[in-house]
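Let me begin by presenting the structure, written as C-alpha cells, before commenting on it.
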Amino acid sequence: MITEAPFVVFFVAAALAAVTRGHLRGAIMVAAPVIGAFNLYNLPADTNVQIPLMDLTLELTRIDKLSLLFGYLFHLAAFLGIIFALHVRDTTEQVAGLLYAGSALGAVFAGDLITLFVFWELLAVTSVFLILARGTERAYRASMRYMVIQVLSGVILMAGAIIHYHVTGSIAFEYVGLQPLDSGLAGLASWLLLLAMGIKSCFPLLHNWLTDAYPEASPTGTVFLSAFTTKVAVYSLARAFPGTELLIYVGATMAMFPIFFAVIENDLRRVLAYSLINQVGFMVCGIGIGTAMALNGAISHAFNDVVFKGLLFMTMGAVLYRTGKMNGSDLGGLYKTMPKTTVFCIVGAASISAFPLFSGFVSKSMVMTAALEENYPTVWLALLFASAGVFHHAGIKIPYFAFFAHDSGLRPKEAPPNMLLAMGLAAAICIFNGAYPWVLYSMMPFPVEYEPYTAAHVLTQVQLLFFSALAFAWLQLTGRYPPELPSINIDAEWLYRKLLPGLGRWTAAWGALLRDGALRLGRAASGEVYKLITRHGGPEGTLARTRPSGYMALWMTVLLSVFLVLSFLE
C-alpha cells in the first residue's frame, strides 16, 4: 500500500516501536526507512496531497526534484542512524528518532507555510528527547535552551507566514525573495521568514543552540541531530530565498568563523558541531549565489555532508560509548584497540576535507567555482580559507587527538557490530560519491555541467591540503598549537548564558537594595508621623489638654474678627 504522505511511514513505525521490544522493535525501525524509500520511489511525479482547513488549503505533499532529493537523503540518514542505534534500549530515544526523521520528511514535502510550521515545531519537540536521553544535568540544561530557541524560530516562522498571507493572499511555500524593509508588510514578512530559517541554519550569532546542545546529546542522538534540522533549513532557504545576495556573505562568514573556535575546543563532538556550521556556510553561500551550478553545489554538498558528518559523529559516538570520554585531552592511542573505527574516522575526515576521490571534493568545489564565475573573488578566498581550516580542525584534529596523539592508556573494545556496520556503509557512500559523482549529479535540480576531476582542480586542492597539514605539523612540533584544555569554550552564547543571567542577578540585587531602602525610609517616616500624632493627639498631647472657657471665647472672637475683615475687603 502506498501512502502519499512520506512522513506517515515513520510515524506509524514510531507508534509500533513504542509498544514493542527487542528484535521486533529493531526490525520495525530498520524497515521504516526501507519501506519509506520504496514508497517514495513509487509515488507518481504529480502527487499532490491537499486538505482543506477553513478558508485555506494545506498541501501535505508536493513533489519536485528538490524535495525528492532531500526525501531520499533523509531516508538514507534515518537508515544509517537507526542501524547505528540498534543497541539502544531506551524506548523514548528510539521513538523520538523515528518521529524526528518523519518530521523532517514532512517539512521538505510541505507545499504551504502552515504545514511547514507544524513540522518545523515537531522537529524541535521530537529532537529535544535525543538530548535529554543523555541523562545528565548539562544535557537537561542544554535541551531547555535548545527548546526555547527552536520554538522561537517556529513562532517567527508563523508570524512571517501570517503577514505573508495578509499581503499576498497565499500560504504557498515557494520563492519569497528578500524584500526591503521599507516596502511595508511584504518586507517584514520576508525578513521574518528569513530569520526563522536563519536560526535553524545557524546564521552567525544565531548558531549557539547547535554547539550548546549537540555535544550534550546521547552518542546515537547526535548522529540523528546532525542530519535533519540544519538540512531542513538549507532546503527551506533553497526553496524560498535562492539568489539572495545577503546569503552569500552570511554563508562565507559561517564558513570562516567556526574555524577559530574549533581549533581551541577540547570536546571533539563540539569541534564537529562547529565544523557542521562551517559546512552549512558553503551551502548557504551557494544558495545566495543562486546560479544553477551554485544551487547544485549547495544541494549536493548538503547530501554529502549528511553522510560524512554523520560518519564523523558516529566514530566519536562509538568512542564516547566505549570510553565515556570526549575531550581530546583525555583521549589518544585508541587506534590500538579500535582500528576499524579509526579507519572509518579517517575516511570521514578525508571526505569533509575534500580530498580527491572522497565526497566533499566533488560538491564543495562547485560552490567555489560558482563564486568565481559570478565575480565574487573575495568570497572565493574566504571559502578557500574555510576549506583549509576545516582540514585543520576536522580533517586532522579529530582523528589525531582521538586515536593517535599521546597514549591515554585507554584500551576500550572495538565498537559494537551495528555501529561498525553503519560506519562502514557511510564510509562506502563517501568513497563512491567521491570517485563516481555522476549518480549524485543526476539527482540535482538542474543539469550538471561540471567536471570535478580536472588537473587544475586536483592540483589546487592537493596543494591546499598539503600546506594545511604542514602548518598543523609545524604548530605541533614547535608547541604553538593551542593546548587541549579541560574546559568549555563559549562564544556568542555568552550573551544569554552569562550576560543575561548576570544582568538578571544585578537587577535583582539592586532591586533588593532599593526595596530594603524604601522599607527603611517608610518605617522611619511612619515612626515620625506616629510621634507627631502622639505628641499632639495623644493622652498627654496638645489637643487633649483642657482649656478655660475664656480661652475658647478669645479664639472665637479672633476668628470672627478675621471673617469680618475679609467680608469688608470683598
Residues in the range 241-255 reached by a label modelled at Q463 [backbone nitrogen below 17 Å; 7 Å Cα→Cβ]: none
Integer Hz, Karplus 6.51/-1.76/1.60 couplings in order for the range 179-194, x for Gly and Pro: 9, x, 5, 7, 8, x, 5, 4, x, 4, 4, 5, 5, 5, 5, 5
Diffusion coefficient, µm² s⁻¹, Stokes-Einstein with Kirkwood Rh over alpha-carbon pairs of the range 119-236 at 25 °C and 0.890 mPa s: 164
Rg/Rh for the chain, where both radii come from Cα atoms and Rh is the Kirkwood radius: 1.23
Whole-angstrom Cα spans of the range 59-125 along principal axes, big to small: 37, 23, 12
Evaluated at q = 0.14, 0.31 Å⁻¹: base-10 log I(q)/I(0), Debye formula over Cα of the range 255-295: -0.36, -0.93
Inter-part distance where the range 273-298 and the range 211-232 are each reduced to a Cα centre, Å: 19
Long-range HN-HN contacts of Q50 with modeled amide H, under 5 Å: L60
Inter-site label distance for E449 and D330 at 7 Å from Cα along Cβ, in nm: 5.5
For the range 148-162, 3J(HN,Hα) per residue [Karplus equation, 6.51 cos²θ - 1.76 cosθ + 1.60, θ = phi - 60°, Hz, x = Gly/Pro]: 4, 5, 5, 5, 4, 4, x, 4, 5, 4, 5, 4, x, 5, 5
Amide H within-cut-off set for M326, under 5 Å, with H built and near neighbours excluded: none
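Output the direction-averaged projected area (hull surface divided by four) of the convex hull of the alpha-carbon atoms of the range 289-425, in nm². Mind dumping the intermediate values first?
Working: hull surface 33.7 nm².
Averaged projected area of the range 289-425's Cα convex hull equals 8.4 nm².
Where Rh denotes the Kirkwood radius from the mean inverse Cα pair distance, what is Rg over Rh for the range 169-238? All intermediate terms of the calculation are to be shown ahead of the outcome.
Working: Rg = 15.0 Å, Rh = 13.7 Å.
Here the Rg-to-Rh quotient is 1.09.
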Long-range tail of P(r) for the range 2-45 (Cα pairs > 13 Å, %): 51
Average projection area in nm² (convex hull over Cα atoms of the range 332-491, one quarter of hull surface): 12.1
Three principal axis lengths of the range 294-357 [C-alpha, angstrom, descending]: 41, 21, 18
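Please work out the ratio of the alpha-carbon Rg of the range 242-511 to 2.2 N^0.38 Å and round it to two decimals. Write down the numbers at each step before the final one.
Values: Rg = 19.6 Å, N = 270, 2.2 N^0.38 = 18.5 Å.
Rg over 2.2 N^0.38 Å, computed on Cα atoms: 1.06.
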Amide H contacts under 5 Å for R134, placed H, 5+ residues apart: S218
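So, with +1 on the Cβ of K and R and -1 on the Cβ of D and E, and no other charges, what is the size of the charge dipole of the range 242-511 about its Cα centre, to the nearest 20 debye?
On the way: 15 positive and 14 negative charges, 200 e Å.
Using only the charged Cβ atoms, the result is roughly 960 debye.
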Taking the range 242-511 and dividing mean pair separation by its residue count, relative contact order in percent (alpha carbons under 8 Å, at least six apart): 26
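Taking the highest mean first, how do the peptides 172-182, 218-228 order by number of other beta carbon atoms within 10 angstrom per residue? Don't skip to the end; give the middle numbers.
Values: 172-182: 13.9, 218-228: 27.5.
The densest-packed peptide leads the list: 218-228, 172-182.
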Distance (nanometres) between label positions extended 7 Å along Cα→Cβ at Y41 and V148: 4.6
22 Å Cα-Cα threshold exceeded, pairs from K309/K340; K65/K309; K340/K413; K325/K364: K65/K309; K325/K364
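List the longest stretch of the chain that has no exposed loop site; here a site is one of the trypsin sites (Lys or Arg not before Pro) assigned by DSSP to anything other than H, G, I, E or B, with at most 13 other Cβ within 10 Å. Before the final figure, lay out each step's value.
On the way: sites that count: R21, R89, K413, R480, R545.
Looking at the chain, 90-412 is the longest stretch - no exposed trypsin sites (Lys or Arg not before Pro) with at most 13 other Cβ atoms within 10 Å.
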Histogram of C-alpha separations across the range 214-339, 5 Å bin width, %: 2, 11, 20, 20, 17, 12, 9, 5, 3, 1
Segment R21-R411, length gained on full extension (0.36 nm per residue, minus Cα span): 137.2 nm
Cβ-based charge dipole, the chain, positive-most Cα from T168, L420, A252: L420
L475-V562 pseudo-label distance in nm [points 7 Å out on the Cα-to-Cβ vector]: 9.0
Convex hull volume per residue for the range 234-283, taking Cα atoms only, in Å³: 54
Charge dipole magnitude, Cβ of K and R +1, D and E -1 - the range 303-384, Cα centre, debye nearest 20: 500
In degrees, nearest ten, helix 91-108 long axis to first principal axis of the chain (Cα): 80
Whole-Hz ³J(HN,Hα) from phi, Karplus 6.51 cos²θ - 1.76 cosθ + 1.60, for the range 380-391, glycine and proline x: 4, 5, 4, 5, 5, 4, 5, 5, 5, x, 5, 5
Translational D in µm²/s for the range 80-167 (Stokes-Einstein at 10 °C, 1.306 mPa s, Kirkwood Rh from C-alpha pairs): 112
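Coordinate-derived values only; no laboratory data. None of these values were measured; they are calculated from a predicted model. Neighbour counts run over all protein chains shown; Cβ positions are idealised from the backbone, glycine included.
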